[in-house]
Amino acid sequence: METRVAVISIIVTESDRVEMLNDLLHEYSAYIIGRMGIPYKEKGISIISIAIDAPMDKINSLTGALGRLDGINAKVTYAKV
(Lines give C-alpha, C1' and ligand atoms only; values in the text may rest on other atoms or scores of the structure.)
Protein backbone atom coordinates (compact mmCIF):
# COMPACT_ATOMS: atom_id res chain seq x y z
CA MET A 1 0.00 0.00 0.00
CA GLU A 2 1.34 3.41 -0.95
CA THR A 3 1.99 5.84 1.88
CA ARG A 4 2.48 9.59 2.02
CA VAL A 5 4.61 11.70 4.31
CA ALA A 6 2.80 14.62 5.91
CA VAL A 7 2.88 17.03 8.81
CA ILE A 8 -0.26 17.64 10.82
CA SER A 9 -0.28 21.00 12.60
CA ILE A 10 -2.48 21.13 15.67
CA ILE A 11 -3.44 24.08 17.87
CA VAL A 12 -5.09 23.25 21.18
CA THR A 13 -7.13 26.10 22.64
CA GLU A 14 -8.92 24.09 25.36
CA SER A 15 -6.50 22.17 27.58
CA ASP A 16 -9.23 19.84 28.85
CA ARG A 17 -9.26 18.23 25.37
CA VAL A 18 -5.64 17.03 25.58
CA GLU A 19 -6.55 13.59 26.92
CA MET A 20 -8.93 13.01 24.00
CA LEU A 21 -6.25 14.24 21.61
CA ASN A 22 -3.63 11.89 23.07
CA ASP A 23 -6.04 8.94 22.90
CA LEU A 24 -6.68 9.66 19.24
CA LEU A 25 -2.98 10.00 18.43
CA HIS A 26 -2.32 6.72 20.21
CA GLU A 27 -4.75 4.99 17.82
CA TYR A 28 -2.54 6.12 14.91
CA SER A 29 0.81 5.64 16.67
CA ALA A 30 1.94 2.98 14.17
CA TYR A 31 2.09 5.72 11.51
CA ILE A 32 3.53 8.57 13.56
CA ILE A 33 7.22 9.29 12.87
CA GLY A 34 7.58 11.98 15.54
CA ARG A 35 5.80 14.61 17.55
CA MET A 36 6.77 18.02 18.88
CA GLY A 37 4.66 20.00 21.34
CA ILE A 38 5.15 23.58 22.43
CA PRO A 39 3.09 25.08 25.25
CA TYR A 40 2.51 28.78 24.62
CA LYS A 41 1.54 29.90 28.12
CA GLU A 42 1.26 33.60 27.26
CA LYS A 43 -1.63 32.79 24.89
CA GLY A 44 -2.99 29.80 26.81
CA ILE A 45 -2.60 27.42 23.85
CA SER A 46 -0.45 24.47 22.81
CA ILE A 47 1.08 23.98 19.38
CA ILE A 48 1.75 20.43 18.24
CA SER A 49 3.36 19.11 15.04
CA ILE A 50 2.95 15.48 14.06
CA ALA A 51 5.16 13.93 11.35
CA ILE A 52 3.35 10.95 9.83
CA ASP A 53 3.95 8.33 7.10
CA ALA A 54 0.67 6.62 6.29
CA PRO A 55 -1.83 5.86 3.53
CA MET A 56 -3.81 8.93 2.45
CA ASP A 57 -7.05 7.61 3.92
CA LYS A 58 -5.44 7.18 7.37
CA ILE A 59 -3.99 10.70 7.32
CA ASN A 60 -7.33 12.16 6.23
CA SER A 61 -9.18 10.11 8.83
CA LEU A 62 -6.90 11.29 11.65
CA THR A 63 -7.02 14.92 10.54
CA GLY A 64 -10.82 14.79 10.26
CA ALA A 65 -11.18 13.23 13.70
CA LEU A 66 -8.90 15.89 15.19
CA GLY A 67 -10.90 18.64 13.52
CA ARG A 68 -14.12 17.35 15.07
CA LEU A 69 -12.77 17.77 18.60
CA ASP A 70 -13.90 21.03 20.21
CA GLY A 71 -10.99 23.29 21.10
CA ILE A 72 -8.64 21.70 18.56
CA ASN A 73 -7.72 23.00 15.10
CA ALA A 74 -5.79 20.73 12.73
CA LYS A 75 -4.40 21.14 9.21
CA VAL A 76 -2.30 18.77 7.12
CA THR A 77 0.51 19.47 4.67
CA TYR A 78 1.72 16.69 2.35
CA ALA A 79 5.23 16.13 1.04
CA LYS A 80 5.47 16.13 -2.77
CA VAL A 81 7.39 12.83 -2.80
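Taken over region 10-37, the criterion of being closer than 16 Å to Ile72 by Cβ, assigned to a loop (DSSP other than H, G, I, E, B) and modelled with pLDDT of 95 or more is satisfied by Thr13, Tyr28. The sole residue among Thr3, Thr77, Thr13, Thr63 that is polar (S, T, N, Q) and touching a helix residue (DSSP H, G or I) at 6+ places or on another chain (Cβ under 9 Å) is Thr3. Screening Gly67 against (1) modelled with pLDDT under 95; (2) under 21 Å from Met1 (Cβ atoms); (3) surrounded by 13 or more Cβ atoms within 10 Å (Cβ to Cβ) leaves a single unmet condition, (2). With Val7, Val76, Val81 as the choices, which residue is exposed (fewer than 15 other Cβ atoms within 10 Å of the Cβ) and either at pLDDT 95 or above or among the hydrophobic types (A, V, I, L, M, F, W, C) (or both)? Going through Val7, Val76, Val81 in turn, the sole match is Val81. Here Ala65 meets each of (1) among the small types (Gly, Ala, Ser); (2) in a strand (DSSP E or B); (3) within 10 Å of the chain's Cα centre (by Cα) with one exception, condition (2).
The values are calculated or read from the model by the stated rules, or taken from the named source; none is laboratory data. All values reported here derive from a predicted model rather than from experimental measurement. Heads up, the Cβs are rebuilt from the backbone with ideal geometry, glycines too, and the neighbour counts pull from every protein chain shown.
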